Amino acid sequence: MTILALETSCDETAIAILRGRCRSGPPVGRTRAVASSKLLASEVASQIAEHAKYGGVVPEVASRNHLVHAPRLLERATRDAKIDISDVDAFAATSGPGLASSLMIGASIGKGLAIGFGKPYLAINHLEGHLLSPFFGDGEVTPNISLIVSGGHTMSILVRELGNYEIIGRTVDDAAGEAFDKVAKMLGLGYPGGPEIEKRARGGDPKRFDLPRSMHDSENFSFSGLKTAVRYLLPKIGVIPSAGHATREDRRPHIRSVGYPRPEPDQKSSRTSFASAQDYKLLSDLCASFQQAIVDVLVRKTIAAVQKHDVDLVTISGGVSCNQELRKQLRERCEREGLEFKTAEPWLCTDNAAMIAFAAMLKLERGFVSNVAQEIDPNFALA
Ligand code: KG4
Ligand code: ZN
């Protein structure tokens, strides 16, 4: 069973080809989706450089770029996978949530290929792609509390089984990744802000600045107050918040293969308004304190959700889950609580099509197929 998936929900064009050996048959005990799979190709074309000059993602620029990148990614993916596109057994695409004009490009290509080759089409929820990514490879989806933390979403979800999800908490304002990006911008760091802040937080003192941990008694999240607290703190410690756009000296190749083979570590550096050694210590402590405030909230609420819903597995996905400090602290806390902890490799945590192909494979195994007439849904709900 070979699945080709497209992901174009925002500003990354991605195509992956996954070969699965789906095991069918009656479910054993609790219904489980079981599959083992091999990633034959995974391509991601980043548009960060195109949008950086506007200070954010411009939907029309994004969709035009998807149109430019998708055909060459398709060619590259089939070449890497050493298959002919007619060998693909099913086509899948992200159907939402995301930018309508971007979603439309990937979904139209996926549907077109499915119709042209007479194969099934699967419309996949982007969040379900993230949520299932910690199971990539082994494919056995067991009950868990899933924390999805990305640039657009912060959600904790009770996963009972594949396709059975209950949203426990979500952000009422900024997503965790959005807070990283906005604070990085204030500090004159590059975009995306998460890796920039994480890099500077290394060796910094996470206790130096006392930043708020909001919505203590709620299952929801809020990061806007934290961002504002940093903004008000800056002048007090002699730093002028940067008003400039996010800057990025993008030294990565424009198209990268992820997972197949593994990507090179990102070696880029970016400018900051902090010049002296003393300034760097200040920046490092500030980044560490900010990062710790986010990690504290995410860990505390995730563990509270686990205790309330009585599961023994925690999973984490989405771009922010690349953060090593978050992974480490959540893993340690899970170990102390006797819980299992699962996350995907970092290349699978940021937006990619391999996670969409994997979700499609698990769903196809359960007999799920979409109607090609199904429209994209920018607000596609997970549950
Ligand atoms: O999942 P993703 O690629 O796209 C969305 O679906 O939004 O997540 C992107 C977000 C960005 O906000 C970025 O700053 C954040 O993930 N991010 C990180 C790290 N790597 C990416 N945040 C904190 N630490 C990181 N290492
Ligand atoms: Zn995402």
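The values are calculated or read from the model by the stated rules, or taken from the named source; none is laboratory data. Since this is a predicted model, take the numbers as computed values, not measurements. As a convention, Cβ positions derive from the backbone with ideal geometry for all residues, glycine included, and neighbour counts pool all protein chains shown. Calculation scope for accessible area: heavy atoms of the full protein, side chains included, ligands and nucleic acids excluded. Shrake-Rupley method; radii C 1.70, N 1.55, O 1.52, S 1.80 Å.
Here the ratio of the Cα radius of gyration of the range 317-374 to 2.2 N^0.38 Å is 1.52.
Mind checking which helices in the chain clear 30 Å along their axis (Cα) and have mean Kyte-Doolittle hydropathy of 0.0 or more, DSSP H runs only? The qualifying helices are 277-309.
Expressed per residue, the C-alpha convex hull volume of the chain stands at 126 Å³. Put Met215, Met104 in order of accessible area, highest first, and with a 1.4 Å probe you get Met104, Met215.
Listed by chain and number, the lysines placed with their C-alpha closer than 29 angstrom to that of Lys236 are Lys182, Lys185, Lys199, Lys207, Lys227, Lys281; residues fewer than eight positions away on the same chain are left out.
Highest mobility in the GNM of the chain, judged by mean-square fluctuation with C-alpha springs under 10 Å and restricted to Pro71, Pro235, Pro346, is found for Pro235. Which is farthest toward the positive dipole end of the chain among Leu362, Asn65, Val239, measuring Cα position about the Cα centre, with Cβ charges +1 (Lys, Arg) and -1 (Asp, Glu)? In the chain, that residue is Val239. Positive end of the dipole of the chain (Cβ unit charges, origin at the Cα centre): among Leu330, Leu127, Ser36, the Cα lying farthest that way belongs to Leu330.
In square angstrom, what is the accessible area per residue of the chain with a 1.4 angstrom probe? Ligands and nucleic acids excluded, the result is 42 Å² per residue.
Running Debye on the range 123-201 with equal point scatterers at the Cα sites and no solvent, what base-10 log of I(q)/I(0) appears at q = 0.12, 0.14, 0.18 Å⁻¹? The calculated log intensity ratios at q = 0.12, 0.14, 0.18 Å⁻¹ are -0.43, -0.56, -0.80.
Taking the protein heavy atoms of the chain in the context of the full set of protein chains, the accessible area attributed to carbon and sulfur is 52 percent at 1.4 Å. Out of every Cα pair in the range 72-170, what percent are spaced more than 24 Å from each other? Across the range 72-170, Cα pairs with separations above 24 Å total 36 percent. A Gaussian network model of the chain, with springs between Cα atoms under 10 Å, assigns the largest mean-square fluctuation among Ser42, Ser102, Ser284 to Ser284.
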